[in-house]
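A quick write-up on the structure given underneath.
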Amino acid sequence: MFFNSCFFLLCFLCDLKQILSKDSVTVAVDAVVYFRISNAIASVSNVEDYARSTRLLAATSLRNVLGTKNLSEILSEREVISHMIQTALDDATDHWGVKVERVEM
């Protein structure tokens, strides 16, 4: 029997990153990304290492999104920013057979 999607979540911690905000303040941020495999065949045939690739993409997405925000926006709009990162990650990893469920900063 073949199952096209997994029902359990995987997660990883984006290590503490020093990010320069839009208003030139250095901010230390970490995030947890929850994801699952939505297409097992794509996760092994479309990318060499889906977990590592997702982790690296999450780190760069975190840096890129937070770099466009000033400190007060980062502190007051955590949920909005997390959702922006989750949407960007989910769109980018869809081809790899990965579904990003949640990002927590």
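Among the criteria (1) at pLDDT below 95; (2) of a type in the set (A, V, I, L, M); (3) in contact with a Leu (Cβ under 7 Å, 6 or more places away or on another chain), the one Val44 does not fulfil is (3). I'd like to check something: does segment 42-60 contain any residue that is in contact with a Cys (Cβ under 6 Å, 6 or more places away or on another chain), in a helix (DSSP H, G or I) and at negative phi? Yes; the residues of segment 42-60 include at least one that is in contact with a Cys (Cβ under 6 Å, 6 or more places away or on another chain), in a helix (DSSP H, G or I) and at negative phi.
For segment 73-80, the condition of being in contact (Cβ under 8 Å) with a residue 12 or more places away in the chain and hydroxyl-bearing (Ser, Thr, Tyr) holds for none of the residues.
Listed here are the residues, each with its yes/no results for (1) out of contact with any strand residue (DSSP E or B) (no Cβ under 7 Å at 6 or more places or on another chain); (2) without any contact (Cβ under 8 Å) to a residue 24 or more places away in the chain; (3) loosely packed, with under 12 Cβ neighbours inside 10 Å.
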residue: Gln18; (1), (2), (3): no, yes, yes
residue: Thr26; (1), (2), (3): no, yes, yes
residue: Ile37; (1), (2), (3): no, no, no
residue: Ser45; (1), (2), (3): yes, yes, yes
residue: Gly67; (1), (2), (3): no, no, no
residue: Asn70; (1), (2), (3): yes, no, no
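Here is the figure for segment 70-89: residues that are more than 18 Å from Cys14 (Cβ to Cβ) and polar (S, T, N, Q) total 3.
The set of residues in segment 24-35 being within 21 Å of Arg102 (Cβ to Cβ), of a type outside the set (A, V, I, L, M, F, W, C) and at pLDDT below 95 consists of Asp30 alone.
The values are calculated or read from the model by the stated rules, or taken from the named source; none is laboratory data. What you see is a predicted model, and the numbers here were worked out from it, not measured in a lab. Ideal geometry is used to build each Cβ from the backbone, glycine not excepted, and the neighbour counts take in all protein chains shown.
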